[in-house]
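In what follows, a structure is listed as structure tokens, so that the remarks can point back to it.
Since every read-out is calculated from the coordinates, none of them should be taken as a lab result. Because the structure is a prediction, the values reported are computed rather than measured. Note that each Cβ is placed from the backbone with ideal geometry, even for glycine, and that neighbours are counted across all protein chains shown.
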Amino acid sequence: MQIIIEGYQYPAGSVNKVLWEGAFQTVDGKVSIGYVGYYWNDRLKDSVFVLPKVFLEPDANKQDLVFGKYKPEEVIDVSNKKFTKAERDFIYGFAVWIYRALSVFKAANPQSDIILHEYVSQMGRGRKRLCNTFLDVVLSLIDFQKRNRDFIVFVTKLRHSGYNKINWTKTVSKKQAVFVDGRTPVYASVVNRKKEIDREEELLCIFHSILKYIKDEYGFPILSDLNYETIPAAKFKRYLSGYGKTRLLQIKYKYFSDKMLALWELCYTFFDQSHRITISTARKEYLLAKNFNIVFEAMIDELIGDKRKDLPNGLKDQEDGKIVDHMYSYRGLTNNDEQDRNVYYIGDSKYYKMGNVVGTESVAKQFTYARNVIQWNLNIFLDEDSPDRKYRERFPKLRDDVTEGYNIVPNFFISAMMNKDLKYSEGNIERRKGSELVSRQFENRLFDRDTLIIAHYDINFLFIVSLYARANASAKLAWKEKMRKRFREDIQEMLQDKFKFYAITPLAATDPDSFFREHFQQLLGKVFAPYNDTNEKTTFYSLALLDTTPRSDDTAKEKARKKLMAEENEAVLECVSDAFEIAECRLGVDPSTKVAAHAAAPYAEIPKPMLTRHHVSNYSADYILFGCIKNDGGIHRDWVFKTRSKYKRSAIYNVRLGDRPGAVKRGDEKVRTPRFVVMYEEADDKSFRVFRVHHALVVRKERMERMEYPHPNGDYFCYFLDEEVSLGELDVHKIRMKYKHLRDPKHQFAPLYLTGNQVMASGT
């Protein structure tokens, strides 16, 4: 067996006989091959495996080495004495895994043109190969079962045919009969003619045990023959350790038919790879991937990502033409662990040699992916006609409308590494600490739209290949859930290393909306509301400030930077503590365990002289909504000014949507964008209050019910109101009567949208 490493620059003379003509690239007397997989070299009469470049590990002099110690050109022949037995056995086994991985990829992607395949190796007549690889033996065993299934079934039935025949001689002599009607003997138990298991049956038992091992260990699809009894797994380990050869030698003399002798040869070779068997070889045998990075990406995506069909259109295949490698929804970084409202995680697989650094182009693309995901999320809330609006219930809005902060978008790279102990069973993954990639406009604003952070992970390549190649859906699903949990916790830890997080909740007298608006510049990007389910139920907020703790390796410049940042953080904490309860609280921790929420003060009417004055002339082109408070015994008024939760004050005004009397059209610009709402009393329109609009959205009937709106009838457009203000001495009655349709008793209390210019033209 010969091995070549993908992408390695070999001296031309060392591989000319090993590579086929036209398979390699020549540069300055060096040759390399851009494939991964297997092919038969007819000139050498030997198998050649092209192993992934992940096998290469640079030494201190940046020389790429196999297993970290061999120059690739020195160990092309696996029989080379430089390899230890363990290393040689590993290469034989890994060849099987690569074959399986490429086969699984080919089956899952039949239209892909990156897999080149013509593989017909099987046991048969002809000359013995110079070397039978473990893969040769495995494929020959599987091929033997496929081609001789009728024979195996026949032998099995023959061996068991006498099991249930009754031995009447022994039954009469040894068993007690019961006589029916005093004449007919009936035997409650009988003696069967059970034959002893012969040596041919034992060989079939060993054969089926090998097939079961191949299926369980490597995931090969094996046909089942009559649910044949196999050797228990614990006992079979003994066969693999040497007993298999010993036992087969003990029973070899029992076989005379060509098929059973051929089967014996195959089974013996499986346990003793130094034994040679006759393999029929075609001139062209190969299974090669010409772009193995695509295969690696497919492996990672199957094991961590959501399927493309389960993702919204335009999210994985983005509108700017970029395609995200891996994407899945999982609990957000800032949510409580008990909350299941998800965000999208963005991953990108990097098929590099071990230790390689991600290129700047890849980093830039990854940041672009995140920005596109943020915009997609905002669009589903802003666009009422969006086909993806159904995702509102699953995914919270990434922008918090109270603080203007943005949630963190988890973003990471995955590279391959080789387990030092060459173990497939360990799905270890390591984050490259200190190599995080950051894009920002401002240093101390984690909750800013432009602050994006990418983590970088190395994952055990051997484990990934083996898990992908196995036909074990439950194992894949379990590992997927484990990794998603690991990514979340690990990225949280990465952020905790860089920032200190606090949970804050408003004091009873604090109106959070007004506070964050007043201190907008100081707190922008530092505060976010991750814990709310809806916009009207926010109780706790998260505050993130850069960690300024001095470290022994800090440079003078870093010390000066941290000093300035510490002063800024101190000012922020002092400002916040005046209006909020505050305590350190790690990401993902329930904030109620750290700070106790204060009940909000009642929503009281502010004396008009104390209201902030806005001049209508400053809003000449902006819309102002004149809306009615129903005269229904205070039911509508109580709902508008209701305390939405024990801890949150928020006024909401609603107008009807649809074809009902007094309804508005959802697509009308003036409906979507009023700056103020003037609410007047139905009984007396000279009594009114004015509020700034914070944001507006369509609310379905079902949600209106959850918001305890009395007797909802269809959908509504709701305006979430900000502080109460003054627009001067408006004559609401005079303004309304200028419009003829409002004089009709059926429409007299319909909502009225006027620009500032139209209000001023009314003479008030």
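The equivalent ellipsoid that matches the C-alpha gyration tensor of the stretch 406-543 spans semi-axes of 39, 18, 11 angstrom, in descending order. As a calculated quantity, the FRET efficiency between Lys237 and Leu44 at R0 = 35 Å, using C-beta atoms, amounts to about 0.50. Ranked by the mean number of other Cβ atoms within 10 Å per residue, highest first, peptides 346-359, 434-447, 552-565 order as 346-359, 434-447, 552-565.
Net charge near Met565: determine it from the other residues with C-beta under 14 Å of the C-beta of Met565, scoring Lys and Arg +1 and Asp and Glu -1. Mind showing how you got there, number by number?
On the way: positive: Arg440, Arg445, Lys498, Lys500, Lys526, Arg551, Lys557, Lys559, Arg561, Lys562, Lys563; negative: Glu443, Asp547, Asp554, Glu558, Glu567, Glu568, Glu570.
Residues close to Met565 contribute a combined charge of +4.
With all distinct Cα pairs included, what does the Kirkwood hydrodynamic radius of the stretch 551-630 come out to in Å, to one decimal, could you say?
Answer for the stretch 551-630: a Kirkwood hydrodynamic radius of 18.9 Å.
Return Glu570, Glu285 ranked ascending by Cβ neighbour count within 10 Å, so the fewest neighbours appear first. Please list the in-between numbers first.
Numbers: Glu570 12, Glu285 18.
Ascending Cβ contact count within 10 Å gives the list Glu570, Glu285.
Taking 7 Å steps out from each Cα toward its Cβ at Glu443 and Arg392 produces label points 4.1 nm apart.
Partner lysines whose Cα lies under 30 Å from the Cα of Lys562, excluding those fewer than 8 positions away in the same chain, are identified as Lys433, Lys498, Lys500, Lys526, Lys594. With only Cα atoms counted, the stretch 608-761 has Rg and Dmax values of 15.0, 44 Å.
Taking the longest Cα principal axis of the chain as reference, the axis of helix 473-498 is set at about 50 degrees. Distance between Cα centroids, the stretch 36-52 to the stretch 717-748: provide it in whole Å. Using only Cα atoms to place each centre, the spacing works out to 83 Å. Relative to the 2.2 N^0.38 Å rule of thumb, the stretch 293-494 has a C-alpha radius of gyration ratio of 1.03.
Going by average Cβ neighbours within 10 Å, how do the peptides 4-16, 306-318 rank, with the highest at the top? Don't jump to the answer; show the numbers that get you there.
Details: 4-16: 18.2, 306-318: 14.5.
Ranked by mean Cβ neighbours within 10 Å, highest first: 4-16, 306-318.
Computed from Cα atoms, the angle from the helix 199-218 axis to the main principal axis of the chain rounds to 30 degrees. Could you tell me how far the Cα centroid of the stretch 625-641 sits from the Cα centroid of the stretch 341-417, in Å? Using only Cα atoms to place each centre, the spacing works out to 41 Å. For the stretch 512-593, the C-alpha radius of gyration sits at 1.27 times the compact-globule guess of 2.2 N^0.38 Å, with N the residue count. Which percent, nearest 5, of DSSP beta bridges in the stretch 293-494 are antiparallel? Percentage antiparallel, nearest 5: 55. Size of the chain: Rg and Dmax of its alpha carbons, in Å, are 37.4, 124.
Within the stretch 616-728, antiparallel bridges make up roughly 70 percent of the DSSP beta bridges whose residues both belong there.
For the chain, the longest principal axis of the Cα atoms and the long axis of helix 258-271 meet at an angle of about 60 degrees.
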